[in-house]
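First the structure, in the form of structure tokens, and then the observations on it.
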Amino acid sequence: MNHRSVPFWKSFKESHRTIHCISQGPISIDLQKLSIAYSRNTIISGLSCHFEAPALWAIAGPNGAGKSTFLKTLLGLQKSNTGKIIFRGFCPCDVAYLAQQNQLDRRFPLTVGDTIAMGLFREVGIFRRYTKEQREKMQVALEQVGLSSFAKTSLQTLSGGQFQRVLFARLILQNAPVIFLDEPFTGVDGRTIEDLMNLLHLWVKEGRLVIAVLHDLDLVQDHFSQTLLLARHFYKWGLTDHVLSKENMREAVTASRLWEETAGSA
Amino acid sequence: MIDFFVSPFTDYVFLRRALMACIALALGCGPVGVLLVLRRMSLMGDALAHAILPGAAIGFLFGGLSLPAMGLGGFVVGFLVALLAGAISRFTILNEDASFAGFYLISLALGVLIVSTQGNQVDLMHILFGTVLAVDSISLLMVTSITSFSLFILALIYRPLLIECFDPGFLRVIGGWGSLYHFIFLILVALNLIAAFQALGTLMALGIMMLPAVSSRLWAQHVWSLFILSSLFAIMSGYFGLLLSYHLEWPSGPSIILIAGLIYGISLLFAPFGAIKQQQGMA
């Protein structure tokens, strides 16, 4: 089979060699023969593809196909992997990342304003006050997500959709050239999905590279021009219409099932 | 009235000292406890509090019942245990809560063993349940120093620490040294537990940190107001607890914690985010 186990001491050594940064050139990500291991099982192997800004990429695939792990690997949060990840025109800390929503405590005692201000953390640092200009930026970000009068509202009173809008306002303030989203529309109402989708299109128009993990294939087909279909060692990437063909989908499901059946024996 | 509420403290130096120690303790433990609750690290605090015991016991062997000696020992060992438990959850399949629970039981057993073989039952009772009425000037100085230091450091790292509490992944991705702030915060928790240890003993030190903090969460919805309320509740617990222990001749540590518990009970029922109001909101 295609997977092999990576001992943990080896994975630490390898993690430093995976991500490479080249400061010149147009913003893009190059993956060369990337393999990712999790709990000593290889879950993605030999993945090579290329993302270039401006573009809107979806990452689709069956459940448990390693989509989230894939994003985390690009962020350097998932250490055991081999191959090469080459960032061109930006460094890892220029990436804005939205994790799956259920990882946050929605009752945390913060206001909407406090939360989105985190997006400016790299700009203001630990001690400085927010300047007038930055306060205006925050207001603009709130208007963009349709929450202009919510700055002083507590997080715990927000609905799921509103909470997600707040996190998107924080992404706006981060002003990053590359944006990763992990299941950004799970548990979010239709109206909010529509508004936030418009925001994604706007980001691409501004020249950014946006990569989103999604399980809703209709949404992918409607809005995302390009897709990476991921199912363990099987993958396809390119224009969405080609990638999401019936044939490919069937193969993805088979690959993912096959992996599950053999994973226990590894 | 004055006889009941004020005179005990004007008449007796030891009660006055105890009250001062409680107030100082409350000012430090209030904010630290709130952050501990927000980070969902209550159990970790519990483990840390118990892990102080063997260290304090070793300090007791060398310095007798003196807070600086026991405090230093407690801090070193408590902190080592916290690091070790963190490392174990990282490198094995055990969750953090499981590895902490394991460590704090071992610590407790070890501490009780050391004190009871080397000292006597009274010493053991003092270490387990505290002696707030025996606070001397050196201990008072130590408690107030820890409080000042904690508040200063909290003010210094407030912004990133809060981000780390709310969304640790976020801070990590933007390259914000998340684990550094986590580490500093752990030191603050250990320090404040040491301060509370003299007054309340290892078994209840965490009470003055946690109970006011969880009570305040039921009243307010901003971090700063939680800090203030939590400290206020802790001061009230200290004051009324001492009063109760003086008039009814109850042991002081449990009295303080019981008052804190009473405040918690009242908050659970009547606070804006307590049971009754929330039920009304739903109806």
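The values are calculated or read from the model by the stated rules, or taken from the named source; none is laboratory data. Keep in mind that this is a model prediction, so the values were computed, not measured. Note that we place each Cβ from the backbone using ideal geometry, even for glycine, and neighbour counts take in every protein chain shown. Heavy atoms of the whole protein, side chains included, go into the accessibility calculation; ligands, DNA and RNA do not. Shrake-Rupley method; radii C 1.70, N 1.55, O 1.52, S 1.80 Å.
Listed here are the residues, each with its yes/no results for (1) among the acidic types (Asp, Glu); (2) more than 29 Å from residue A:219 (Cα to Cα); (3) touching a Gly at 6+ places or on another chain (Cβ under 6 Å).
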site: A:25; (1), (2), (3): no, yes, yes
site: A:35; (1), (2), (3): no, no, yes
site: A:38; (1), (2), (3): no, no, no
site: A:47; (1), (2), (3): no, no, no
site: A:60; (1), (2), (3): no, no, no
In region A:38-81, what count of residues is obtained for those that are open to solvent by 20 Å² or more (accessible area, probe 1.4 Å), closer than 18 Å to residue A:96 by Cβ and touching an Asp or Glu at 6+ places or on another chain (Cβ under 7 Å)?
1
Hey, does region B:61-68 have a residue that's touching a residue at least 40 places away in the same chain (Cβ under 8 Å) and open to solvent by less than 50 Å² (accessible area, probe 1.4 Å)?
yes
Restricted to region B:69-87 and to residues being over 17 Å from the mean Cα position of the chain (by Cα) and surrounded by fewer than 17 Cβ atoms within 10 Å (Cβ to Cβ), the residue farthest from residue B:143 (Cα to Cα) is B:87
Checking residue A:72 against (1) in contact with a helix residue (DSSP H, G or I) (Cβ under 8 Å, 6 or more places away or on another chain); (2) within 30 Å of residue A:159 (Cα to Cα); (3) within 14 Å of another protein chain (Cβ to nearest Cβ), which single condition isn't satisfied?
(1)
Quick one: how many residues across region A:82-115 are at pLDDT below 85 and open to solvent by less than 40 Å² (accessible area, probe 1.4 Å)?
2
Mind listing just one residue for me: the one in region B:13-47 that is free of Cβ contacts under 8 Å to residues at least 60 places away in the same chain and closer than 17 Å to residue B:243 by Cα and, of those, most open to solvent (accessible area, probe 1.4 Å)?
B:16
Of the criteria (1) within 8 Å of chain B (Cβ to nearest Cβ); (2) in contact (Cβ under 8 Å) with a residue 12 or more places away in the chain, which one residue A:87 fails
(1)
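Between B:228, B:257, which is closer than 17 Å to residue B:25 by Cβ and surrounded by fewer than 18 Cβ atoms within 10 Å (Cβ to Cβ)?
The unique qualifying residue is B:228.
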Which condition from (1) within 14 Å of chain A (Cβ to nearest Cβ); (2) part of a helix (DSSP H, G or I); (3) open to solvent by 20 Å² or more (accessible area, probe 1.4 Å) is the one that residue B:170 breaks?
(3)
With (1) open to solvent by 20 Å² or more (accessible area, probe 1.4 Å); (2) modelled with pLDDT of 90 or more; (3) touching a His at 6+ places or on another chain (Cβ under 9 Å) as the list, and residue B:219 as the residue in question, which single condition is left unmet?
(3)
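This table checks each residue for (1) within 14 Å of chain B (Cβ to nearest Cβ); (2) more than 30 Å from residue B:174 (Cα to Cα); (3) in contact with a helix residue (DSSP H, G or I) (Cβ under 6 Å, 6 or more places away or on another chain).
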residue	(1), (2), (3)
A:163	yes, no, no
A:173	yes, no, yes
A:180	yes, no, yes
A:185	no, no, yes
A:205	no, no, no
A:209	no, no, no
A:214	no, no, yes
A:246	no, yes, no
In region B:132-157, the residues that are in a loop (DSSP other than H, G, I, E, B) and either open to solvent by 30 Å² or more (accessible area, probe 1.4 Å) or within 14 Å of chain A (Cβ to nearest Cβ) (or both)
B:136
Checking the condition surrounded by fewer than 17 Cβ atoms within 10 Å (Cβ to Cβ), within 16 Å of residue A:64 (Cβ to Cβ) and either out of contact with any His (no Cβ under 7 Å at 6 or more places or on another chain) or not polar (S, T, N, Q) (or both), which residue from A:258, A:230 passes?
A:258
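From B:160, B:212, grab the single residue that is in contact with a Phe, Trp or Tyr (Cβ under 9 Å, 6 or more places away or on another chain), farther than 14 Å from residue B:32 by Cβ and buried (at least 18 other Cβ atoms within 10 Å of the Cβ). Steps first, please.
Numbers: B:212 fails: farther than 14 Å from residue B:32 by Cβ.
Being in contact with a Phe, Trp or Tyr (Cβ under 9 Å, 6 or more places away or on another chain), farther than 14 Å from residue B:32 by Cβ and buried (at least 18 other Cβ atoms within 10 Å of the Cβ) holds for just one of B:160, B:212, which is B:160.
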Looking at residue B:135 and the list (1) aliphatic (A, V, I, L, M); (2) in contact with a Lys or Arg (Cβ under 6 Å, 6 or more places away or on another chain); (3) over 24 Å from residue B:24 (Cβ atoms), which single condition is not satisfied?
(3)
Yes or no: region A:211-219 includes at least one residue that is open to solvent by 20 Å² or more (accessible area, probe 1.4 Å) and more than 19 Å from the chain's Cα centre (by Cα).
no
Could you check residue A:76 against (1) within 27 Å of residue B:91 (Cα to Cα); (2) at pLDDT 90 or above and say which number it fails?
(2)
Within region A:128-164, count every residue that is of a type in the set (Val, Ile, Thr), outside any helix (DSSP H, G or I) and open to solvent by 80 Å² or more (accessible area, probe 1.4 Å).
0
Taking region B:215-234 and the residues there that are among the aliphatic types (A, V, I, L, M), in a helix (DSSP H, G or I) and touching a helix residue (DSSP H, G or I) at 6+ places or on another chain (Cβ under 6 Å), the one that is farthest from the other protein chains (Cβ to nearest Cβ) would be B:234
If we ask which residues in region B:174-189 are modelled with pLDDT under 90 and either buried (at least 24 other Cβ atoms within 10 Å of the Cβ) or not in a helix (DSSP H, G or I) (or both), their number turns out to be 4
At least 2 residues that are over 23 Å from residue B:151 (Cα atoms) and within 14 Å of another protein chain (Cβ to nearest Cβ) in each: list the helices (runs of 4 or more DSSP H) lying fully within region B:1-117 that qualify.
B:67-91
